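Have a look at the structure below, then the notes.
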Amino acid sequence: MKDNTYAAVMARKNEIMKKSVGIDYDAFESGGIAFDYEKMMAETGYTLDEVFAIQESVAVGQTPIIELKNLTALARKVSKTGQAARIFVKDEACNPSGSFKARRAACAVYHAKRMGYKGVIAATSGNYGAAVASNAAKHGLKCIVVQECYDSKKVGQPEILEKQRACEAMGAEVIQLSVGPELFYKFLMLLEETGYFNASLYTPFGIAGIETLGAEIATQFRAKFNRLPDIVLATQAGGGNVTGTARGLIKAGAGSVKVYGASVDLSGLHMASDTAFNRKSFTTGHSGFGIPFATWPDRSDVPRNAARSLRYLDRYLLVKQGEVFYITEALSALEGLERGPAGNTSVTAAFALAQEMTDDRMILVQETEYTGAGKHQMPQLSFAKANGIEVLFGDPETEIAGVNIVLPSDPSLIKARDFDLNKARKSYIKNCLNNYGYGANDKDVRGIYDADIAFLAEETKADMAFVKEVFKEIKGI
């Protein structure tokens, strides 16, 4: 019998992952900091056209682009310039499972079926689990979803519980766990016990599935407007949304389009804290995931994460919880679109960003998601109140995550706040140095290979001079 203690299972994680994904991640390693990212992405074996065909076979993709004319009008009403940009959304809620993650799942589950796996497992709090379950049902595969759902008092967040319902409705077995390190441990145990495919969010299959989203944006805008959007806004959490969309735009010849990320600002709340777990009203698309995954993507459940947002981000914006709830209701009341919180995070950022731009420019929010009983703003706000969070109207700048939620008393108060991308880039480089033995008390960076410096420049969408300057700041040489 295998030793299933926590330490023993963690020691076997690379072996388990290799078997459950069918990818030998060692083949991409250089022996230093660098690895061959594009070679890893090519490991899917599917071209963009083939991924389109896979998704079409399960009714995923080709979602409409909708202009938010009334929300744009409101932005122009409160704009100082009176020249706010036009705001659009790509309505990914039209996918079978209700979110863009159906694209990721379609590719991953198709591959699992093709390779002869009997089932798939995903570790996720929500939308992706439903997407994997939906596609598994279509392919006749078993599906297990592992959710981080409760605090130690077994109190679950309404949004996660709604997602549990969606996963189970699609035929998945849902295993719910409390917040903490047990999620990854249980996930590894299940992969080893079942021999199922690891339908991770962070494999090349998952990211390749989102590339069709970026390519569709380019095709649809050219057909409808004979041009491209000026900015594409993607909600930033684990980084796959940004990464896949940007790569799809590039493959469609639209690499000039600016790609911005947006997250809900939950600074001050520790995401792995039992006491903080139910003091936040957003389970994804927030800074508690967005910033850590940007600055160290390989914290994921695979040896090398295919979602690497710093390679593609041109700007990273933060919005407040109360602002997103306000825009969520405005989207319903003004546009007749009742949609969930993750996509509305970017709609909120777009509403503020539009006011910085002239009225001949276009912003596209590249996803919407379905909403339901637990994801709706009213149960979320009620849950917040039940956990001692004050809910009030006022200036969102006074909002403190875990203490209060401040709904804007006027839409002119909604802002998009820049998170310093150079700060994120420096943090990423520092994390690389520390994790590969170049930390403060370790070996000297003067012995680092040029290939590693070039890799870090690509990873941070910078140049080698920037990387070397960061080395000097960190090491003092």
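Quick notes on this structure:
- The residue pairs whose first member lies in region 246-260 and is without any contact (Cβ under 8 Å) to a residue 40 or more places away in the chain and open to solvent by 30 Å² or more (accessible area, probe 1.4 Å), whose second member is of a type in the set (A, V, I, L, M) and assigned to a loop (DSSP other than H, G, I, E, B), and whose beta carbons are closer than 8 Å, counting only pairs six or more residues apart or on different chains, are Ser256/Leu228.
- Of all residues in region 190-206, those satisfying the criterion of being buried (at least 16 other Cβ atoms within 10 Å of the Cβ) and of a type outside the set (Ser, Thr, Tyr) are Leu190, Leu191, Glu192, Phe197, Asn198, Ala199, Leu201, Pro204, Phe205, Gly206.
- Of the numbered criteria (1) open to solvent by 70 Å² or more (accessible area, probe 1.4 Å); (2) assigned to a loop (DSSP other than H, G, I, E, B); (3) touching a residue at least 24 places away in the same chain (Cβ under 8 Å); (4) on the phi < 0 side of the Ramachandran plot, the one Ala462 fails is (1).
- Per-region count, region 440-454, residues assigned to a loop (DSSP other than H, G, I, E, B) and closer than 15 Å to Lys468 by Cα: 3
- Each residue in region 24-48 was checked for being within 17 Å of Ala454 (Cβ to Cβ), touching a helix residue (DSSP H, G or I) at 6+ places or on another chain (Cβ under 8 Å), at pLDDT below 95 and open to solvent by 70 Å² or more (accessible area, probe 1.4 Å), and 1 of them qualify.
- Filter pass, Lys101 being open to solvent by less than 50 Å² (accessible area, probe 1.4 Å), of a type in the set (Lys, Arg) and at pLDDT 95 or above: yes
- Filtering region 155-176 to residues that are open to solvent by 20 Å² or more (accessible area, probe 1.4 Å) and either touching a strand residue (DSSP E or B) at 6+ places or on another chain (Cβ under 6 Å) or modelled with pLDDT under 85 (or both) leaves Gln164, Glu168, Glu173, Val174, Ile175, Gln176.
- Among the residues of region 64-96, the one identified as hydrophobic (A, V, I, L, M, F, W, C), open to solvent by 40 Å² or more (accessible area, probe 1.4 Å) and more than 21 Å from Glu367 (Cβ to Cβ) is Ala73.
- Unmet requirement for Ala131, which otherwise passes all of (1) hydrophobic (A, V, I, L, M, F, W, C); (2) in contact (Cβ under 8 Å) with a residue 40 or more places away in the chain; (3) in contact with a Lys or Arg (Cβ under 7 Å, 6 or more places away or on another chain); (4) not in a loop (DSSP other than H, G, I, E, B): (2)
- Of all residues making up region 135-154, the number that are open to solvent by 10 Å² or more (accessible area, probe 1.4 Å), closer than 20 Å to Leu190 by Cβ and assigned to a helix (DSSP H, G or I): 2
- Tallying residues that are in contact (Cβ under 8 Å) with a residue 12 or more places away in the chain, in a helix (DSSP H, G or I) and either under 30 Å from Phe455 (Cα atoms) or not aliphatic (A, V, I, L, M) (or both) within region 406-434 yields 13.
- Boolean, Ile66 is in contact with a Phe, Trp or Tyr (Cβ under 8 Å, 6 or more places away or on another chain), closer than 22 Å to Thr358 by Cβ and either modelled with pLDDT of 95 or more or among the small types (Gly, Ala, Ser) (or both): yes
- Cross-chain or 6+ apart pairs with Cβ under 8 Å, region 287-306 first and open to solvent by 30 Å² or more (accessible area, probe 1.4 Å), then of a type in the set (D, E, K, R): Pro292/Arg299
- Residue in region 410-418 that is among the hydrophobic types (A, V, I, L, M, F, W, C), farther than 15 Å from Tyr326 by Cα and modelled with pLDDT of 95 or more present: no
- Scanning region 137-154 for residues that are under 22 Å from Ser97 (Cα atoms) and in contact with a strand residue (DSSP E or B) (Cβ under 6 Å, 6 or more places away or on another chain) yields a total of 9.
The values are calculated or read from the model by the stated rules, or taken from the named source; none is laboratory data. This one's a predicted model, so the numbers in the text were calculated from it and none came from an experiment. Backbone-built Cβ (ideal geometry, glycine too); neighbour counts: all protein chains shown. For accessibility, only protein heavy atoms count, side chains too; no ligands or nucleic acids. Shrake-Rupley method; radii C 1.70, N 1.55, O 1.52, S 1.80 Å.
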